[in-house]
Every structure is written in structure tokens, then in C-alpha cells.
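As C-alpha cells, the structure follows; a few thoughts come after it.
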Amino acid sequence: MANTCLLHPRHPSPRLTCLPLCPSSCHPWSPPPLEDPLAPTSPGKFDVLSYLSHMNPMDGDDSRTVKVLYPPTPWAAPARWLLAVLAWLVVMAVGSSTAVALDPVGLGRSWTASATPVTARIGALFTKGAGNGHFCTASVVDSPGGDVIISAAHCLSGDPGNTVFIPGYRNGKEPYGSWPVVHMIEDPNWTSNTDQDYDVAFAVVGPLHGKEIQQVVGGNTLAVNQPPSQLITLTGYPESANAPITCSNYSASFSQTQMRITCANYTDGTSGSPWVIPGKRGTGTVIGVIGGFEQGGYTPDVSYSVYFDGDVQSLYQQAVTMVR
């Protein structure tokens, strides 16, 4: 069986989805048998176009003619089938990109984010430390203990191991330190089935120099059950970049459980980037993170998030009440 494969670039470990292109029985194609065009296509119905194709011009009346529609050639049916399959593959591969062109808001421009108190609470996730390359984005959320971060579940799943969070990371520097991830909290639906509607997770980071992380960089407020259409600031770390990029645009509903936003160049490493509604005096409210559908999206210009509802609130409560 021939296959075509689509790359999911947003996942930190890109994976391929292979789709069947054509059953083996259609290689090579065999011309379909010619049928009687005057035979009924269903009880009580005739194929009018085929019927007309076998009519001759009316005898004795040159003023009226009937256009002859010739029967399809033997290869027409399989050719139409191939075109249909190719069209479907194109829609699957670039559907989200097409959505950008159709989006009335348009594609949001991204640029390198400035180092500010607002971006300080957003950082990159590393294995062991800054010298090993970052693989996802996370951010600090306000909590009673001041030690909770949020990201995508496909970034924070299972044993934290040597994962560290470096807020405000820029050009190899750790302006606010490197914080060890000590606990991860994910939904059981993600743990058992990697259900894309539960691709969000929280983590607890350990103290550094006697302080909790929120005491150092602050935190965004978590909000659930918000309208999906919001003016969002999206900030994250592309895997190949040494500084975060940011973009502002309107989010929109993608389904009952997912949201989407169009911002340019959110490639590998931006999974977990917070969807923040800017507030006054540097405050912010996070209503999503890059993740969810296709683990955040399979094109760099369209990103997705799980819709934050009561399930996300329950996860947050687990994070803030768990024994440290």
C-alpha cells in the first residue's frame, strides 16, 4: 500500500502521520466496465446526462439541436478518484494554512520579545540546563505557594527527571536562575490516551536561594471558561532561537474543546507558550497554551490550545494543594 506522510513540526520530537494514498488493488487501474447509459441508475430514475448523450438531433428540425455528451473514457473514473484523493491530501496538509488566508483577522506578525517584567515570567524548558538546548515553553501562574508553572502536557508528562525551567532565558543567560521541576500534574485522559483535548499540564518547581519563583518573576492569573475570542499576546521560544518571540492577535474557537490563533513562525519549541490577555500595569491572564490539536499545530503560522474549562481548573487545584 502506498502512503503519504505528514510531518508534525510543533512536537518537540517531530512525528509522522502516514495516510493511505491508494489501495493496492488500484495499481494498475483497470478500466471500469461500460454500462448501458439508458439503464436506470436507481429504481424509477434515469441518468439524464447519459440519456442525452445517446440522443441524435431531432429529425426534420434544423433549428433545434441537442448537444451530444460523449460517454467518459475508460480512464476518466479512476482519474477523478485520484484527483479527489489528492485534493483531500492537500486539505489535510495545508488546511490550517488555508485558514490563515480565510481568517478575517489575518496572520499576526511575530518579532523578538523585549526583556521586560512581563516576559520574565515566561521561560524555556531544558534538560539539565541551558547548555543542552530548550525543547518547550512554560510560564509561571499565580498560586498560593508561588511555585507553579503551566505548559502543554506533551512537554510536561511523566517523571520530571532533570527538567529545569529558566524564566526570561536569552542568549544563553539565566537572568532569574534555573529552577528544577520537581512535580508534574497531568490529566488521566492524557496519561492513558494522549487525548488532545487534555494537552495541558502544571508543574511545581523547587525553591532557589530560599525563594519561590513567583517571588522573583511574578505570575499570570489562570482563568477558565472564558470566551474563546480574545486579544491574545503569545510569547514562546522557537527551538532554534536564543530569545523568545511574541505576537498579538485575536484567538478564535476551533471546536467545542479547542481554540486557535494565527501568529507567524511558531515552530518547534513553542509548545506550552501561554495565551495571555494583557492587563494593566504588567498583569496578565492566561487562558490557553500552545498544544491540543496536532500537539499545537502542524504549520508554524497556526497554533492551537485546549479550551480551558473546569478540567483545567481541577488540575490547577491538584498542583496547588499537593504535598510539597
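Readers should treat all values here as calculations from the given coordinates under stated rules, not as data from a laboratory. The structure presented is a predicted model; accordingly, all values stated were derived computationally and were not measured. In this analysis, Cβ positions are derived from the backbone assuming ideal geometry, glycine residues included, and neighbour counts consider all displayed protein chains.
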Cα gyration tensor category, rounded, prolate or oblate, for the stretch 228-299 with a/c compared to 1.5: oblate
In order through the stretch 202-209: 3J(HN,Hα) via Karplus (6.51 cos²θ - 1.76 cosθ + 1.60), integer Hz, x for Gly, Pro: 10, 9, 9, 10, x, x, 9, 6
The stretch 267-313 shape via C-alpha gyration tensor axes, a/c threshold 1.5: oblate
Relative contact order (%) - the stretch 111-321, alpha-carbon pairs under 8 angstrom, separation at least six: 24
Segment VAL182-THR257, length gained on full extension (0.36 nm per residue, minus Cα span): 24.1 nm
Using a Förster distance of 25 Å, the FRET efficiency for TYR250-ARG281 (Cβ separation, nearest 0.05): 0.65
Extension gain, SER229 back to GLN317 (0.36 nm per residue minus Cα-Cα distance, nm): 29.1 nm
